[in-house]
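Got a structure for you, questions after.
The values are calculated or read from the model by the stated rules, or taken from the named source; none is laboratory data. Fair warning: this is a prediction, and the values are worked out from it, not measured in the lab. Glycine gets a Cβ as well: all are built from the backbone with ideal geometry, and neighbour counts include every protein chain shown. For the accessible areas, the whole protein counts, side chains as well, though only heavy atoms, and no ligand, DNA or RNA atoms are used. Shrake-Rupley method; radii C 1.70, N 1.55, O 1.52, S 1.80 Å.
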Amino acid sequence: MNETQVTFQSGDSMLEGLLANPGGGAPAAVVCHPHPLYGGSMHNNVVEAILAALWQAGYATLRFNFRGVGASEGEHDGGPGEVDDAVAAMTFLLAQPGVGKEGAAMTGYSFGAMVALSAGYERDEIGRIVVVALPLAMADARIPDGASKPILLVSGDRDSYSPVAGLQSLKSKIGDSARLEIIADADHFFGGDEAELSRAIVAALSA
């Protein structure tokens, strides 16, 4: 799908992104990238695998660079500011002509998965959350009490940053609204496993 360069405001910072908008009331999906301090940006193989799945499922998408990354203004904030960036990205996307106002998805990979998990509860229009390689070995996932939005957890079975046991425990904590998909032989970076990752996301979104 064709993407267009866009900019949008998050607090005092202007952020850059790439927008794909097929129109026709397509639901919105924001994609959050991996950790900026380890070279993460919106130009990433896993981000693109998530995008491929979202496009196949009919979403309008916005991937963007967090504050301080690429041409985005500001400085890395360690999480809270990046959650604000993700919410601002969703606000911008939902305001675009031809984008549906309900059933939006907040998605992310690694550090971006942690951001997406928090940002996904910030707007009522966000109907589901998709997190890939949630780094539970690095930080605790915070789920609001009584949270009921559908959450897709995806990881590889060789990912030490996103251990299967931790994901299974989180799924049990969340309850029936959570779905866990494990990609065999994949590690945290999904090199060579991008197509399988996309298939798992499409299957869950279509269920």
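Of all residues in segment 25-46, which are without any contact (Cβ under 8 Å) to a residue 60 or more places away in the chain, within 15 Å of Phe190 (Cα to Cα) and in contact with a Pro (Cβ under 9 Å, 6 or more places away or on another chain)?
If the condition is that a residue be without any contact (Cβ under 8 Å) to a residue 60 or more places away in the chain, within 15 Å of Phe190 (Cα to Cα) and in contact with a Pro (Cβ under 9 Å, 6 or more places away or on another chain), then no residue fits.
Being in contact with a helix residue (DSSP H, G or I) (Cβ under 7 Å, 6 or more places away or on another chain), surrounded by fewer than 20 Cβ atoms within 10 Å (Cβ to Cβ), within 16 Å of Ala113 (Cα to Cα) and of a type in the set (Lys, Arg), is that true of even one residue in segment 178-187?
yes
While we're looking at this one, here's another question. How about segment 47-96: which of its residues are among the acidic types (Asp, Glu), in contact (Cβ under 8 Å) with a residue 60 or more places away in the chain and open to solvent by 50 Å² or more (accessible area, probe 1.4 Å)?
Of everything in segment 47-96, those that are among the acidic types (Asp, Glu), in contact (Cβ under 8 Å) with a residue 60 or more places away in the chain and open to solvent by 50 Å² or more (accessible area, probe 1.4 Å) turn out to be Glu48, Glu73, Asp84.
Pro27 versus (1) out of contact with any helix residue (DSSP H, G or I) (no Cβ under 8 Å at 6 or more places or on another chain); (2) of a type outside the set (Lys, Arg); (3) open to solvent by less than 10 Å² (accessible area, probe 1.4 Å): which is the lone unmet condition?
(3)
Further question: How many of the residues in segment 158-174 are touching a residue at least 24 places away in the same chain (Cβ under 8 Å) and open to solvent by 20 Å² or more (accessible area, probe 1.4 Å)?
Number satisfying all stated conditions: 7.
Turning to a different aspect of this structure: Consider Asp140 against the criteria (1) closer than 21 Å to Pro34 by Cα; (2) touching a residue at least 12 places away in the same chain (Cβ under 8 Å): it satisfies all of them except one. Which criterion is unmet?
Condition (2) is where Asp140 drops out.
Now for a separate question. Mind counting the residues in segment 93-126 that are farther than 20 Å from Asn21 by Cα and among the small types (Gly, Ala, Ser)?
7
Any residue at all in segment 102-124 that is open to solvent by 40 Å² or more (accessible area, probe 1.4 Å), farther than 22 Å from Ala86 by Cα and basic (Lys, Arg)?
The answer is no; no qualifying residue exists.
On to the next question. Please go through segment 1-24 and give me each residue that is of a type in the set (A, V, I, L, M) and surrounded by fewer than 20 Cβ atoms within 10 Å (Cβ to Cβ), ordered by number.
Correct list: Met1, Val6, Met14, Leu18, Ala20.
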